[in-house]
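Working notes, structure below.
Where a number appears in this text, it was derived from the coordinates with a stated rule and is not lab data. Small disclaimer: the values here were computed from a predicted structure and weren't measured. Because the Cβ atoms are built from the backbone with ideal geometry, glycine has one as well, and the counts that use them run over all protein chains shown.
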Amino acid sequence: MISKKIAPFGLIVMFIIWSIIASQSPFYIDDWNWAYGGSGISYGGRFIGNFFSVILNATHNQIIVGIFKSFILTLICFFVCMLTGKVKLSRIIVFNVLFLLMNMKIVYESFLWTSGFVNYLLPFVFVLPVVIINIKLKNDNNNKNNNLQLKAISLICIFASTFFLENLSITMIIYLFTELILNLFSKKKEILYGLIAFLTSIISFMIMILNSERFSNNNSGYSVSIFHNLGELLDNAYQVHLKIVSLFFHENVFFWILFFVILTAFLAIVLPKYDFEKNKWYYILLALQGVVIVLCPTYQFIVLNINLINPRVLFPSFMILIIIAMLCFGKIEDNFDNAKIINVSLVALLIISMIFPTLFFVDMAGWNRRINQANQNAITSKSDINYSGIRPQYAQYYYCTANGPLIGSSWSTSYKDYYGIPQDVVIK
């Protein structure tokens, strides 16, 4: 296998490459308002996400923000590798391949776009330690003092993870409930801690909801639809399901191919070595937990208007799928003797997975350069900005198809304010 001794080198390279890429993503739409405290935007209960959105966008510095985004993505990769038991270059590669194989619109809206990043990717810095600690607590080798420290860290992370994204907060509640049930089948039972963790997630979620206009204002974005009868609810749920299937499966074919290849290899190579009969119910519940946690972030939207379903709401589900795939790959690697096959396959997968993203990232860098030049000309000589003429080639993968200030007069004003462009400059 690819040696784990060069894993730190792999993480450093990952950090540098993603820093370069992320620093080429222009501040966009919501970013312009968050720089001034979220004027015109109110996502009340997302306290921590909103805080980071204000701080990052207020820098007006794409390089600093890009480095921070890359650091968070690299840290998440490190955490996911820890879940597999070993931080190895091969696992770092698999993580990045899976991340790159997601639809590029999901990657842009959840990572490259700053206002999306703070609520979609960033919370996993708090979610993943909870999962890591839950696994460690099931290890009989941990002493009581270490356990107390781990539980304290976990409870803090559970509380913090709720103040980013509504559907992820609900998923955390469901995850901790399923962990509480699985605890009953574990050798080392942590029932009291499991119950406290579950209640912590509910309490923090209630704090979020009580301060969130998204559940009380029809203009806020996530208001629950009003159904006059069961038929309307079922029809809405079916329409939402069809859209989810399209966004989740049809537009992420290559991701799903690799996911099922890894899952099939796990079932063929690793599963036969487990004593399934001895722990049958535990493994069945574990599999059910995986299915529920994957579907939960997305299918809770069945009570919403179908127009509110967009690619980035799928991101938590894809992150969970990446975690599952990584866990399976880790077991495959530990139980497969032919290292050459795995290494050659990984190199080939990495090269293939980079083809379209590279085109997209180069195009984004060109868009960023054209925006900066147009803004500079507007500031120095009050030249009109032909924004429609400088949009990226792959505009369909950007939020609002990269129309930015062209969407409406309010966004045009915000754009000019953010970049210090005179208000009498025409954007067309």
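Amide H contacts for SER383 (H built 1.01 Å from N in the peptide plane; partners 5 or more residues away or on another chain; cut-off under 5 Å): ALA378. The mean sequence separation of alpha-carbon pairs under 8 Å and at least six residues apart, normalised by the residue count of the range 388-428, gives a relative contact order of 28 percent.
For Kirkwood radius over Cα pairs in Å, the value computed from the atomic coordinates appears in the list (1) 23.1; (2) 23.8; (3) 36.0 under label (1).
The phi-based Karplus calculation (6.51 cos²θ - 1.76 cosθ + 1.60; θ = phi - 60°) puts the 3J(HN,Hα) values of the range 272-281 at x, 7, 8, 7, 5, 5, 5, 10, 4, 5 Hz, whole numbers, x for Gly and Pro.
Exposure proxy shown here: for LEU271, LEU137, the number of other Cβ atoms within 10 Å sets the order, fewest to most, as LEU271, LEU137.
A crude spin-label estimate for the pair ILE191 and LEU234, with each label 7 Å from Cα along the Cβ direction, gives 4.0 nm.
So what's the angle, to the nearest 10 degrees on a 0 to 90 scale, between helix 7-22 and the longest Cα principal axis of the chain? Orientation of helix 7-22: about 20 degrees from the principal axis. Working from Cα positions, state the angle (0 to 90°, nearest 10) between the long axis of helix 124-137 and the longest principal axis of the chain. Rounded to the nearest ten degrees, it is 10.
For the chain, the longest principal axis of the alpha carbon atoms and the long axis of helix 144-161 meet at an angle near 30°.
The residues packed around LEU128, meaning those with a beta-carbon under 15 Å from its beta-carbon, carry a net charge of +1 if Lys and Arg are +1 and Asp and Glu are -1.
What number, in percent, do you get for the relative contact order of the chain if the mean sequence gap of Cα pairs under 8 Å and at least 6 apart is divided by its residue count?
On the way: 546 pairs, mean separation 89.5, N = 428.
Once divided by the residue count of the chain, the mean separation gives 21 percent.
Between PHE266, PHE185, PHE124, the GNM of the chain built on Cα springs shorter than 10 angstrom shows PHE185 fluctuating the most.
Pairs of Cα atoms nearer than 8 Å and 6+ residues apart set the relative contact order; for the range 357-419 it is 25 percent.
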